[in-house]
Structure formats: C-alpha cells, structure tokens
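Working notes, beginning with the structure itself.
The values are calculated or read from the model by the stated rules, or taken from the named source; none is laboratory data. Here the structure is a predicted model, which is why all the values come from computation and not from measurement. Glycine gets a Cβ as well: all are built from the backbone with ideal geometry, and neighbour counts include every protein chain shown.
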C-alpha cells in the first residue's frame with residue numbers, strides 16, 4: 001500500500017446475512033480530505049495523487065474481478081487476499097464504500113459464511129462502477145482515466 005490506511009471500524013462479530021444494494025444516491029463518494037492528505041504525503045508533487053488514483057483503479061479493478069472469480073471457484077485464499085488488499089487500498093485513497101464492502105466479504109469468508117456473499121459482491125460491483133466513474137472524472141496531473149487505461153489493452 002502506498003499510504004498506511006486509516007483504521008476502519010471493525011465489523012460486528014456477526015456480519016449481516018444480506019446487504020442492501022447501494023443505490024446511486026447512497027454512494028458517499030471519494031473522501032476529498034483523503035485526497036488532500038495524499039497530496040501532502042506526495043510532498044506537493046502535482047502528479048502524485050493522479051498516479052496513485054491511476055494505480056488504484058487498475059489494481060482495484062483486478063481485485064474486484066478476482067473476488068468474483070474466487071467466489072465462483074471456491075478459492076478462499078484468493079478471496080481473502082483480494083478482499084483484504086482491496087479493503088486496504090480503498091481506505092488509502094478514501095473510497096470508504098468499497099473498503100467497507102471488501103471488509104464485509106472478508107469477514108463473511110473468515111466466518112465460513114461465503115454462501116451469504118452474493119448480495120455483498122453485487123453491491124461491491126455496483127459501488128466499483130460509481131467509484132471508477134467518479135475517480136476517472138477527476139482532473140488531476142499524472143492521472144490517466146480508467147477508460148483510457150483500459151481502452152488501450
């Protein structure tokens with residue numbers, strides 16, 4: 001991780017069996033304060049935050065896909081590793097919805113409740129869509145939009 005993540009509230013001992021889908025109006029967006037903190041961490045380098053966001057979008061997309069594949073294939077190690085990595089990187093860049101959902105998937109997996117992760121995965125995929133739209137729209141020096149990064153492949 002580029003920046004140490006803020007401590008997230010731990011999940012309750014028993015996570016809920018279902019999570020309501022996140023309608024667009026409930027997307028709480030990217031934490032602008034965290035982006036400002038990243039700017040400071042980068043020593044004022046105007047391109048630092050943009051590079052971090054570009055890397056987060058690339059890695060995060062990979063992690064969301066891995067979580068879905070791990071669930072379909074019953075690969076608990078990949079599931080836990082991917083959810084944990086996504087949780088941490090999302091906290092680092094201030095995308096708290098994604099961090100909470102990844103944490104919930106990890107908690108359910110650790111409690112041997114993988115069968116209950118379907119609605120959470122759906123909410124994660126929807127939130128990831130909102131996240132990529134918001135982050136791709138940022139006009140930051142050094143930032144390559146998600147669409148630019150993935151349209152070249």
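Remarks
- One residue from 88, 68, 60 being under 11 Å from the mean Cα position of the chain (by Cα), part of a helix (DSSP H, G or I) and surrounded by fewer than 21 Cβ atoms within 10 Å (Cβ to Cβ): 88
- Residue within the range 53-63 that is more than 16 Å from residue 118 (Cβ to Cβ) and free of Cβ contacts under 8 Å to residues at least 12 places away in the same chain present: yes
- Residue in the range 41-52 that is modelled with pLDDT of 95 or more, in contact with a helix residue (DSSP H, G or I) (Cβ under 6 Å, 6 or more places away or on another chain), in a helix (DSSP H, G or I) and surrounded by 19 or more Cβ atoms within 10 Å (Cβ to Cβ) present: no
- Taking the conditions (1) within 29 Å of residue 40 (Cα to Cα); (2) buried (at least 16 other Cβ atoms within 10 Å of the Cβ); (3) out of contact with any helix residue (DSSP H, G or I) (no Cβ under 7 Å at 6 or more places or on another chain); (4) modelled with pLDDT under 95 in turn, residue 101 satisfies each one other than (3).
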